[in-house]
Every structure is written in structure tokens, then in C-alpha cells.
């Protein structure tokens, strides 16, 4: 059905041109997409068939100015599909994902258009282009080549089919994970069920139960902010096992939401795509356009960390097993026991437990801490706006201003878990910054899945939750501070293994005494975190690093090897995962942070396929990069901050990432900084 009116086809007279969410309905999306596709096709045809000789303005800049309606519709649709979905939006997503894939395949496989771009690229040195224009031209040429623009007509047709099928499969994969997460609720309805749970976990469970119509009960969900505290504190080993089983079996339960066959199909399609483009494997293809460059370089990094991490995890396991024995437990440590006994060990070795810390980490205070850090580093100010359009009542919005009061952009925060939101945490651009056709200011969204505080009480975070908030805000700053001309290289549109540097680097400020003393205040008394407690917290930051590093690196190694394995050697997801973990001697008591059937990074899009290692690649850089402030003797050193702003946060993809890092730091990063940070040196 075509709606009587469609806000996507009208001018937006909202403040800052924020999407008028209150006027948007699901029935508007398909007509809006159809119009946007048609409009964009006409723009592409005009560029490709232009009788004039190609130049930067009539080809590259014209491409950068095109597709604005499609960008508008897509950004709003996929924001809602990820944060507040429903049956109607999921049905539309199933239709739109392959349609979008076919649309962009038609563009990137357009022979006439590629010929214009390739001719310009071949004569780049004779063109009067600035550095940014050269980079944009180079990225377009690379993108067309990597999409198959130089293939035969038959091969191009197959590439289109692969892309469309892949889009359908990745959409189904993500929807299946969400379905399993919605399906599970661990109901707790008696005092024995709550054994060991601190008050903040009980309150959060009561709020989750109320949201699900289970008044008077308590509910543990598969949101990480719900299940992690439960596994950490619950004295009921039987309930921990039940909750943990549901957590690791997402996408692996049989029935309509099972993802195992989808994974096999995706792996096969990606391998075929890579071989069509002349690569031995999808990993070779994906990594050829990154800082790492090759699968071997990634493997070398991961294995350099794996062995010391595994050795440390074995030491941690022995400590936990000894603790079980000392308590009279007659069982071997299992994966659902690790967090529970690790929390006991942290209290024993560092005189620290989460219940002591939790009251000092209020969501509101951590938001202020992230803003304060941005103010001190980059001169930004954040003014909350309560009268701007929003897609859900939980969303909060701030106008971001520079030192002189000039408008930088809009920042939105969507912090709480709900059944209509996919799990995890991420940054999303509702509108990227650029100056192609006007001074376009960014609208940036951070999405979290924290458990909302009960009633009108404050929302309390774990230290890891607070670190996630800082991490995603680092991504947000990468988008907000972007200062480029062309959308293609704006904000976070950088190499996959460079994009995590601004976010992971920003995490360092959270653990600085000057930040915690100011913002880690008690939720009832308002008193700052005591110096002795702060010292114990900071001293404990390398605690349990064997476990957390093994959890992560095992995922990165399985991802890498999955994408350099031929389909006939892959078998199925379950057997492949088992073989790979046996090959690296994965400790029995630790499970991958993301098992393959719910590994959204890999199978909900192309984004992190063969690239889950990028968090660690960036960690090598961020551990070394923060050293620049430490060496200056000031975590807000103005000269270092200006260099960080100029070379990292504002430059987008204007520069080669290796050059950008060296321009900031003065030398390439060293892995020793990472090992020291994790306490594995």
C-alpha cells in the first residue's frame, strides 16, 4: 500500500533536520526506497553516459553528490531495524536487503562508469587534485575493482547473484539471533532463586520482569548487562548453567531460528566471491585492503598474544579450581562457573567485588565523564535537547558545540535494553559529516543495552559497562569531529583495522584517577569513590586477563581460519568450531566470546568478516598511543590533544592509516605495549 503522504519525500523542517520520527510509519519505507532507487539510478546513468570526457567534478564529485534520498531512507530504516524493530520492519528488511544489494551491484559493475573512474585513476598524476581528492579517487577505483567491475559479463551476473543472496542470508541470521534472545527469559520467583544476587541485580531483574508482564517476579534475559551479572553473582549453580546454556546456544537451537545452515551458505558464497576476484580465499580478499594486508600478518599477531594469554588462563583456572576445592566443592570448574568464582577470586586477591564498585558507576555520571573528557581534549560542549524528535522515549539527544559555541553536530544516546533492540553496543551515523553540496553536520547515535534501573532509581553500571560506554563514545567522536569534504571518507569510513583505534584509545581516560575521582560518585550519598577503593580497582584491571583475552582471541582465530578455508573443507559450523578450538588447545573451561551461530560481527554483514582481529590490531595502537599523553605528563596535554584531533579523529579516511598513526605518535606501534597493558608481558 502507498501511504497518503511520505515524510521521506518531503523537506524536513525539524531542528537540525533530524528525522521526524513521530511522522514515520512502516508503510512509508517501501515506496520511499522505490523512489530513492529510481532517483539514484537516473543520477548514475547521467554520470556514466556523460558525453564529456571524465574529470573529477563530472564523475567522482557527481557520484559523491548522488544517492542522497537513498541515504536518508536507509539510515532511518536500519536505525529502527536495529534498535526498535517489529514484525513489519523485519518483513520489509527481508525484502530490502537483497534489493539494496542488487542496486549497488548495478552501480559497481557498471562498465561505462568504471571506465570513466579507471581512466581518471590512470591519469591521476596529471590531474590538479588535492590530497583528499586523490584519496577519494583511489578509493572509488579500488571499490569498483574489488566489486568485480573488471570481470566478464557472465562473472558480473554471478557476482550480483552472490551479493543479493548474501544480503538475504545475513538479514535472516541477525533476525534469528534476535528471535532466540527474545524467546528466552529465566524467571526467578522465590528467595532461593535470588541467592547470591546483590541488590542492583535483583532490582534490574525486577524491572526486566515488569517489562515482560511478570509483575512480582524477577527475570534474567540474554542482554549482556543482565546475564553477565547473573553469572557473576548467582550462588545457584543449576540456574547459572541453565542461563549460560541459553546464552551460548543462540542461533543453535534447531527450528526456524537456527543459523548453522545459513553459516555454511555464507561461507560458500564468500569463498566463491573471492575466487571470482582472483584470490585464494575470502580472508586473502578481505585483508588485502587493510592495514594488516595478509592473513599471515593477522595470524602472527594473534598467536603472539594467544600463547601468553592461554598460559595465564591456565593459571587462573588452577586458582579457581583450588577455590572450589577449599569450599568443599566436588566438581570440576565449568564455563558457567568461571565468572562466579573469578569474582570471588578478585575479592580474595584484590579485596574488591562488583557490589562494592557498582554504586559508584551511575550511568548519568559516566555520560558526564565521557563528555568532560571530550571537553578537556577537544573543547566540545554538550547541551541536552528534550524537544527534538526521537524514535523511542528512552533516546536522549544533545547538541554538540565547539569552544566558540559553533554547531558541531547532534549526538543521540539510546542506552537501555529492550526486546525490540538487537544485542550489543554500536555507533551509527544517521547523517555523516561532509561539505559536498553544503556544510552537512553529523547526527551520530550510540546504542547500548544496559539494564534500566528499577523505578526512578539510578541505572548502575559495572566497570566493564562504563568502559563500553566510553568505547562507543570514542566512535561517536570519530563521527562528530570528522572534517572532510567528501562523504566517502567521512568519520569512521576508514580501514576496518583502524576504525577501532579512536574508540579503544578513548577507553583509557575512564581508568584515569582524575576522571574517576570526579565522576565515580556514590548513588545515594554523592561521595566520590574512596581513594583506597579506587586504588584497588586500578590495581585489579589486569585481573582475569587470561580469561578475557582467550575469550576474544579464540574468536578472532576461528574467524580468520573460517574465511581462509575452502567450503568443501569447512563441513558445518559446529564441527568446524570444534576442530578449530581443538587445534589451538582452547581451555575446556572457556567458551568463545561469540560462538559461530550468533557471531553477528561475522554473519550479519560483511563488516567484520575476516576482521574480528581488528580490535586487537587497534589495541596495539591504542596502548602505544595513550603513551603520548603519559610521556607529556598530562592526560589532557593540549599539544598532544591537538595532534590527536588533527591526525586521528577529524581526518576520516583522508590519509593512509599507517601514515596517520605515525603522524600522531611519531613512530609505528609496538606489540609490547599491548602485552603490558593486559598484564601478559
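The values are calculated or read from the model by the stated rules, or taken from the named source; none is laboratory data. No experiment lies behind these values; they were computed from the predicted model shown. Note that each Cβ is placed from the backbone with ideal geometry, even for glycine, and that neighbours are counted across all protein chains shown.
Looking across the stretch 373-409, the residues that are crowded, with 19+ Cβ neighbours inside 10 Å and assigned to a helix (DSSP H, G or I) come down to 373, 374, 377, 378.
Conditions (1) in contact with a helix residue (DSSP H, G or I) (Cβ under 7 Å, 6 or more places away or on another chain); (2) over 26 Å from residue 673 (Cα atoms); (3) in the same structural domain as residue 342 (by TED's automatic domain parsing); (4) at pLDDT 95 or above, marked per residue:
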{"site": "568", "(1), (2), (3), (4)": "no, yes, yes, no"}
{"site": "584", "(1), (2), (3), (4)": "yes, no, yes, yes"}
{"site": "597", "(1), (2), (3), (4)": "yes, yes, yes, yes"}
{"site": "600", "(1), (2), (3), (4)": "yes, yes, yes, yes"}
{"site": "603", "(1), (2), (3), (4)": "yes, yes, yes, yes"}
{"site": "606", "(1), (2), (3), (4)": "no, yes, yes, no"}
{"site": "618", "(1), (2), (3), (4)": "yes, no, yes, no"}
{"site": "624", "(1), (2), (3), (4)": "yes, no, yes, no"}
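Taken over the stretch 373-385, the residue count meeting the criterion of being within 20 Å of residue 407 (Cβ to Cβ) and out of contact with any strand residue (DSSP E or B) (no Cβ under 8 Å at 6 or more places or on another chain) is 3.
Yes or no: residue 599 in contact (Cβ under 8 Å) with a residue 40 or more places away in the chain and more than 24 Å from the chain's Cα centre (by Cα)? Taking the combined requirement at face value, the residue does not satisfy it.
Yes/no matrix, rows are residues, columns are (1) surrounded by fewer than 15 Cβ atoms within 10 Å (Cβ to Cβ); (2) free of Cβ contacts under 8 Å to residues at least 60 places away in the same chain:
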site: 86; (1), (2): yes, no
site: 92; (1), (2): no, no
site: 100; (1), (2): no, no
site: 104; (1), (2): no, yes
site: 107; (1), (2): no, no
site: 116; (1), (2): no, no
site: 130; (1), (2): yes, yes
site: 133; (1), (2): no, no
site: 150; (1), (2): no, yes
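Selection of the stretch 136-148 for residues being under 18 Å from residue 103 (Cβ atoms) and buried (at least 18 other Cβ atoms within 10 Å of the Cβ) yields 140, 144, 147, 148. Residues that are free of Cβ contacts under 8 Å to residues at least 60 places away in the same chain and either part of a helix (DSSP H, G or I) or buried (at least 21 other Cβ atoms within 10 Å of the Cβ) (or both) within the stretch 152-172 comprise 153, 154, 156, 157, 160, 161, listed in sequence order.
Against the conditions (1) surrounded by fewer than 16 Cβ atoms within 10 Å (Cβ to Cβ); (2) touching a helix residue (DSSP H, G or I) at 6+ places or on another chain (Cβ under 8 Å); (3) not in a loop (DSSP other than H, G, I, E, B), residue 42 satisfies every one except (2). If you go through the stretch 461-490 and pick out every residue that is surrounded by fewer than 24 Cβ atoms within 10 Å (Cβ to Cβ) and not in a helix (DSSP H, G or I), you end up with 4. Among the conditions (1) more than 26 Å from the chain's Cα centre (by Cα); (2) within 21 Å of residue 598 (Cβ to Cβ); (3) surrounded by fewer than 19 Cβ atoms within 10 Å (Cβ to Cβ), residue 219 misses just one, which is (3). Residue 320: assigned by TED's automatic domain parsing to the domain that holds residue 593 and assigned to a helix (DSSP H, G or I), yes or no? Here the answer is yes, as residue 320 does meet what is asked.
Within the stretch 507-520, at least one residue is touching a strand residue (DSSP E or B) at 6+ places or on another chain (Cβ under 9 Å), part of a loop (DSSP other than H, G, I, E, B) and either crowded, with 21+ Cβ neighbours inside 10 Å or not assigned by TED's automatic domain parsing to the domain that holds residue 132 (or both).
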